[in-house]
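**Q** Below is the structure I would like to discuss, written out as structure tokens.
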């Protein structure tokens, strides 16, 4: 009887240890989603930042009647906005989708559930391959897109071929690809070499269009003061742009870059401790990371649009 109790106790200990191990995997997946959700929020805001002034210019053209072809100025501004980053913004969205797919694969392995990710991963890969610049050339060359396309394929293959712990171990092996993909995302917001990033290019263009609108509104006010006042209320406040520009003390891009760097910094510890019973140090790091990521998301919300 004592022998039976002894072996039941041992079995229970191993079962509980297994739950704790997968608990760490779930936590890392959850905080990966916290990070990607924060980045996705800003990508959505940023797309609006550049296009909104151009849309406003269409209204101004129509209100003032200054154009032989109403809306001509607005159309030119919208085209200029697209030329400085629309395709690049879409690539970052697909990058975030890929990291989300990795997090979803981790959760599926931890929960022992069937995860129909292969078709979604294939769809993301197809979108990347199809993404082109305005002259029809590929947006990124195969070498630069290598880490992203490899990661997409690896995650889809692992989900189809492996289960639970074996699958988690395979997902832990793609650390290098994850770091490469996240590094590319980080460079979109803040370049390590100090040069202007694609993000800064888009935001500065949006800020310039806003300044042009303010000038045009002054002219429209002479003809239609009521309409000009209505349009002025539709223009985002200065903080919407200044909070996103390093030149004006904005900290949002730097915060996003810091969060991505911190996530990459967690990868070695996650690979080491993901399947270790009670990885307290890893949990503590994830708690700190989550707090900072949510603070960044709040800063984005405050800057608003």
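Let's see how each residue does on (1) buried (at least 18 other Cβ atoms within 10 Å of the Cβ); (2) at pLDDT 80 or above; (3) over 26 Å from the mean Cα position of the chain (by Cα):
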site: 239; (1), (2), (3): no, no, no
site: 246; (1), (2), (3): no, no, no
site: 260; (1), (2), (3): yes, yes, no
site: 266; (1), (2), (3): yes, yes, no
site: 294; (1), (2), (3): no, yes, no
site: 305; (1), (2), (3): no, no, no
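**Q** Is there a residue being surrounded by 15 or more Cβ atoms within 10 Å (Cβ to Cβ), in contact with a helix residue (DSSP H, G or I) (Cβ under 8 Å, 6 or more places away or on another chain) and closer than 16 Å to residue 304 by Cα anywhere in region 215-236? Break it down stepwise before answering.
**A** Of region 215-236, the ones surrounded by 15 or more Cβ atoms within 10 Å (Cβ to Cβ) are 216-217, 220-221, 227-228, 231-232, 235-236.
With the extra rule that they be in contact with a helix residue (DSSP H, G or I) (Cβ under 8 Å, 6 or more places away or on another chain), the set shrinks to 216-217, 220-221, 227-228, 231-232, 235-236.
Now restrict to residues that are closer than 16 Å to residue 304 by Cα: 235-236.
Within region 215-236, one or more residues are surrounded by 15 or more Cβ atoms within 10 Å (Cβ to Cβ), in contact with a helix residue (DSSP H, G or I) (Cβ under 8 Å, 6 or more places away or on another chain) and closer than 16 Å to residue 304 by Cα.
**Q** Which members of region 121-162 meet the condition of being surrounded by fewer than 16 Cβ atoms within 10 Å (Cβ to Cβ), more than 19 Å from residue 174 (Cα to Cα) and modelled with pLDDT of 70 or more?
**A** 123, 126, 127, 129, 130
**Q** I would also like to ask the following. Is it true that some residue in region 169-180 is modelled with pLDDT under 85, within 21 Å of the chain's Cα centre (by Cα) and under 24 Å from residue 265 (Cα atoms)?
**A** Going through region 169-180, the residues modelled with pLDDT under 85 turn out to be none.
For region 169-180, residues modelled with pLDDT under 85, within 21 Å of the chain's Cα centre (by Cα) and under 24 Å from residue 265 (Cα atoms): absent.
**Q** Before we move on, is residue 220 touching a residue at least 24 places away in the same chain (Cβ under 8 Å), more than 26 Å from the chain's Cα centre (by Cα) and assigned to a helix (DSSP H, G or I)?
**A** Values: touching a residue at least 24 places away in the same chain (Cβ under 8 Å): yes; more than 26 Å from the chain's Cα centre (by Cα): yes; assigned to a helix (DSSP H, G or I): yes.
Spelling it out, residue 220 is indeed touching a residue at least 24 places away in the same chain (Cβ under 8 Å), more than 26 Å from the chain's Cα centre (by Cα) and assigned to a helix (DSSP H, G or I).
**Q** I'd like to check something: does region 278-289 contain any residue that is surrounded by fewer than 18 Cβ atoms within 10 Å (Cβ to Cβ) and not in a helix (DSSP H, G or I)? First the steps, then the outcome.
**A** In the first step, residues of region 278-289 are kept if they are surrounded by fewer than 18 Cβ atoms within 10 Å (Cβ to Cβ); the result is 278, 280-281, 283-284, 287-288.
Filter once more, keeping what is not in a helix (DSSP H, G or I): 278.
Yes, region 278-289 has at least one match.
**Q** Suppose the filter is touching a residue at least 40 places away in the same chain (Cβ under 8 Å) and closer than 24 Å to residue 40 by Cα; does residue 228 pass it?
**A** Details: touching a residue at least 40 places away in the same chain (Cβ under 8 Å): yes; closer than 24 Å to residue 40 by Cα: no.
Here the answer is no, as residue 228 does not meet what is asked.
**Q** Okay, next question. Test residue 265 against the criterion of being under 26 Å from residue 35 (Cβ atoms), out of contact with any helix residue (DSSP H, G or I) (no Cβ under 8 Å at 6 or more places or on another chain) and not in a helix (DSSP H, G or I), and give yes or no. Walk me through it before giving the result.
**A** Working: under 26 Å from residue 35 (Cβ atoms): yes; out of contact with any helix residue (DSSP H, G or I) (no Cβ under 8 Å at 6 or more places or on another chain): yes; not in a helix (DSSP H, G or I): no.
Judged against the criteria, residue 265 is not a match.
**Q** Additional query: Out of all the residues in region 88-115, which are surrounded by fewer than 16 Cβ atoms within 10 Å (Cβ to Cβ) and at pLDDT below 65?
**A** Correct list: 114 only.
**Q** Please go through (1) part of a helix (DSSP H, G or I); (2) more than 15 Å from the chain's Cα centre (by Cα); (3) closer than 30 Å to residue 47 by Cα for residue 253 and return the number of the only condition it doesn't satisfy.
**A** Result: residue 253 fails condition (2) only.
The values are calculated or read from the model by the stated rules, or taken from the named source; none is laboratory data. Keep in mind that what you see is a predicted model, and the values were worked out from it rather than measured. Note that each Cβ is placed from the backbone with ideal geometry, even for glycine, and that neighbours are counted across all protein chains shown.
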